[in-house]
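Every number here is computed from the coordinates shown, using simple stated rules; none is lab data. In this text, all values refer to a predicted model and were calculated from it rather than measured experimentally. Please note: Cβ atoms are built from the backbone with ideal geometry, for glycine as well, and neighbour counts cover all protein chains shown.
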Ligand SMILES: C[C@@]1(C(=O)O)OC[C@H]2O[C@@H](O)[C@H](O)[C@@H](O)[C@H]2O1
């Protein structure tokens, strides 16, 4: 079976991780421009000052995407490139850059799929409290509307936020992302709520203004499975799915928060300070969401936590390797002998991906789904002059097969975006953790080189995965 005609084969990137030009053409300073320069915060003190220079090489990069036959390119807009101070004056050069990227995509019949927020917050807003501050919510809605206005005549697919759980948990629980706060669970839940309100208000604006196309949000999808059928561990699985998935998906798709989590937070004094208006906007706009984007890399294997250890902070403990207890100490993630893992300890589990998609359909019904990220972070083998990233081919092949089975079962998956189209800066892993179909040679002026997986994905797209 070929993937349906409307199904988009894509690949993704994010502004801070590819663009560079961190202080060019009027761009304002982002929180990551500042945070990445604090010694010890990133792997080998890498930062996005230059990244892979996509700002100057986007034509070459999109040309390579076209050569691959890529149907859609998911990229993000750097907020401080549009609003150097977060709000106020618009930077025309910033609009010009993204107009050029969009036009280059369309020239090659590549659908531009735009993420508004992929973690690079204007530093001015971060200094005013970031996502803890209502002013940031208001500024985001203005930023979103400015982008709808500037690009909405050619961009028909919009994602408001990428992975709220990551920038809020690493920002306020582990401290591994800006603003680098550790252990503030109240701020963690408050900021997730503020982001959901910013999303809902932006969706309402998009629909009220009558812009063409579709809008949604991208969440991590990290389904929890108990290590066995022990009652305590099955409880851990339920608890983990409530906090890691339902707390994020319910307010978007149902317009209400999961009862179980609300009760827990009430008991612990961690419930966000929300208003009825905010709860109303979530409820009112839930049906307006056109899709949910999922970033799936791996499941989490959980059991009842039996260590007193509270969640360890810092970069090393935030790169997703199992073994950390949950923030509330109820459960912990574990490595299991019968599973296969990446070099960063992420389980390779396409079967769990399919089981997870079934779980989502059972809870949220026939919602349109895009797999907005999936890929293998690896140190790619180089054989002679060739980058022989066979492990990435095997990873993507097995996960695309799971997507195909889901579609055959009637689960409404409408696209697959590999992370990442090109090797780029990983927030906490520098340039060591490669994800791309295209290699970037940091020893040779950032020269681009097609990997083995580039040719493989080109064939998959051309045959619409018929032989998978
Ligand atoms: C933590 C990490 C990684 O570096 O492996 O997970 C996978 C992928 O998720 C994306 O949303 C991030 O923008 C991208 O940088 C990657 O980040």
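Packing order of peptides 318-328, 242-252, highest average first: 242-252, 318-328 (average count of other Cβ atoms within 10 Å over each peptide's residues).
The listed peptides 83-94, 379-390, ordered by packing as a protection proxy, come out as 83-94, 379-390 (highest mean of other Cβ atoms within 10 Å first).
Sketch the reach of a paramagnetic label on residue 385 as a point 7 Å from Cα along Cα-to-Cβ, and name the residues of region 423-467 whose backbone nitrogen lies under 14 Å away. Output list for this probe position: 448-451. Computed per residue of the chain from DSSP H runs no shorter than four, each worth -39500 (n - 2.57), the mean residue ellipticity at 222 nm is -12000 deg cm²/dmol. With 0.36 nm allotted per residue and the present C-alpha distance subtracted, the residue 127-residue 156 stretch has 7.1 nm of extension available. Please work out the C-alpha center-to-center distance from region 311-356 to region 72-130 and express it in whole Å. Their Cα centres are 32 Å away from one another. Placing a label point 7 Å from the Cα of residue 355 along the Cα-to-Cβ line, the residues of region 224-249 whose backbone N sits under 19 Å from it are 224-246.
Note on residue 447 and residue 397: the model spin-label points, each 7 Å out from Cα along the C-beta direction, lie 2.9 nm apart.
The mean sequence separation of alpha-carbon pairs under 8 Å and at least six residues apart, normalised by the residue count of the chain, gives a relative contact order of 17 percent. Calculated FRET efficiency, residue 60 to residue 467, Cβ-Cβ distance, R0 = 30 Å: about 0.45 to the nearest 0.05. If you plug the beta carbon distance of residue 107 and residue 431 into 1/(1 + (r/R0)^6) with R0 = 30 Å, you get a FRET efficiency near 0.55. Fully extending the segment from residue 85 to residue 307 would add 75.5 nm, taking 0.36 nm per residue of separation and subtracting the current Cα-Cα distance. Ranked by the mean number of other Cβ atoms within 10 Å per residue, highest first, peptides 420-430, 183-193, 41-51 order as 420-430, 183-193, 41-51. Note on residue 336 and residue 45: the model spin-label points, each 7 Å out from Cα along the C-beta direction, lie 4.2 nm apart. The stretch between residue 134 and residue 408, if pulled fully straight at 0.36 nm per residue, gains 94.3 nm over its current Cα-Cα span.
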